[in-house]
Structure formats: C-alpha cells, structure tokens
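Worksheet: one structure, shown below.
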Amino acid sequence: PVEVTPPSQVGREAAQAQLVLPKPKIERSATCIAVAGAGHRIGTTTQAMQICLYVKALGYKAAIIEMAASALTGYTQISDDAVLFDEHHFRVEGTDVYNDRTCILDAKSQYDYLILDYGCFAELTEPADYLRNDILVAVCGAKPSEVELAADVLRVDNGTIHYIFSFVPQRDRPDVLASMEQYGERTYFAGWTPDYFLYSGNDELYGKITGQIKPKSKAVQKKSHKWPWRKK
C-alpha cells in the first residue's frame, strides 16, 4: 500500500518546496481615450489623430480605432502612404488605424494608448459605452447650430468630459468660455490643423486632456571604452 502523509504532519518548508506556483502573466492594458463629436464635420477625426500623435511623441505606442458602426475609413484616400496589414488594420503616415471596433480587445494588449473615434455623439447606439472609457473628449463648434448639438453631450456629462472647440477665432473664445459656464475649466480651443497626419505641437492642450503624462524614459546605453593600444 502507498503511504500517505497526513497534512498535519507535513512541514511548511517541505510543502512550499513541493508547491510550484505559475509565474504571473503580465499583460499590457491600454488607456482608452474616447473622442466624440457634437456633430458631423466638426473636427472629431482631426482631434483623435492629434491626440494620438501627441502620445506617440512622448514615446508611447498608440493607435486609432474607429468605433462608429457607420464609419467609412477615408485615411487611405487622404494619403498614398498606407500599409495594409489586413482588412481591419492599416498604417497611414506611421500611425496604426483599425476600422473595426471589435479589434479593441486584441489592441489593448499591444498598445499603451488607444484613441477611440466614436464619430457623431448623437448617433451612438450606446452612449454608456463612450462614457465607460478612461479619458473622455467631446469636439464641439461655436456656430449656433453646433452649440445646440453639444447639448446632448452636456446632458450626460459626469464631470470628466473635456471639450475641444474647433475653428473658433481668437476674438470669439471668451464668449464661448462664458457660455460653457461650469464646464469652462474643461474647455479648450484647437488651432488650425491643415494636415492632421502632422502634429500641431499644441502640448498645452493635449497635455491637460491626457493628465500631463510624462515622456516615456528611454534605456540608457552604456558607452564602450576604447583602448588606444588595441588594434582594430
């Protein structure tokens, strides 16, 4: 018969020696920045790209994912420099873009930041999905018709949404801030960006939105000593 040692007679050190614990699997979980527009053709895609370029400039790995169900990817029509990986993933001007929202699950483990382009907020089937993300951004306009569209976003504001106004002249910005009232501390203005594949350099704006993230530290390479008497 096989002798079995009762648990009460097994020493702790002997039990720990026989116990093999699996090594924890460390997975990257990307920070999701959700960008939605108060209306159409208001600069939502431009601001999503600018945020992505800002994060990448700090040394982080980032990508854009189109979340709108009716989104049509127009990046390949804007630039000839496009690398296609598959039907849902391509790279334009050095920036990774996914045109299918189902890619977010796999992308979370591949990138540090994901910029989710939700398109027009009024057309979202599930606004709660937008509000569930880590950082929330709403792109608005100062025209009377555009201000009325922003009311849908203000209605669900949980105190964390950042508002970026596009195409607002400098002279009109004080009036826009006054109209935003309690949301004024989270209201910003974007400058003119003729090419949204090129970063505008507005670090102050995108730094406030992303929480002033620090540049990713780079590994310091040790310099090798050169001995004067050693032959090459």
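Of everything in segment 114-150 that's surrounded by fewer than 14 Cβ atoms within 10 Å (Cβ to Cβ) and small (G, A, S), which residue is modelled with the highest pLDDT?
Filtering segment 114-150 for residues that are surrounded by fewer than 14 Cβ atoms within 10 Å (Cβ to Cβ) and small (G, A, S), the one modelled with the highest pLDDT comes out as A128.
Taking segment 38-94 as the region of interest, how many residues are modelled with pLDDT under 80 and outside any helix (DSSP H, G or I)?
So the first thing to find is which residues in segment 38-94 are modelled with pLDDT under 80, and the list is 69-82.
Within this subset, residues satisfying the condition of being outside any helix (DSSP H, G or I) are 69-74, 79-82.
So the answer is 10.
Collect the residues in segment 151-198 that are open to solvent by less than 30 Å² (accessible area, probe 1.4 Å), within 30 Å of D96 (Cβ to Cβ) and assigned to a helix (DSSP H, G or I), keeping them in residue-number order.
Answer for segment 151-198, where residues must be open to solvent by less than 30 Å² (accessible area, probe 1.4 Å), within 30 Å of D96 (Cβ to Cβ) and assigned to a helix (DSSP H, G or I): just V153.
The values are calculated or read from the model by the stated rules, or taken from the named source; none is laboratory data. These figures come from a predicted structure and were not determined experimentally. A quick note on method: Cβ atoms are made from the backbone with ideal geometry, for glycine too, and the neighbour counts reach across all protein chains shown. With ligands, DNA and RNA removed, areas are computed over all heavy atoms of the protein, side chains included. Shrake-Rupley method; radii C 1.70, N 1.55, O 1.52, S 1.80 Å.
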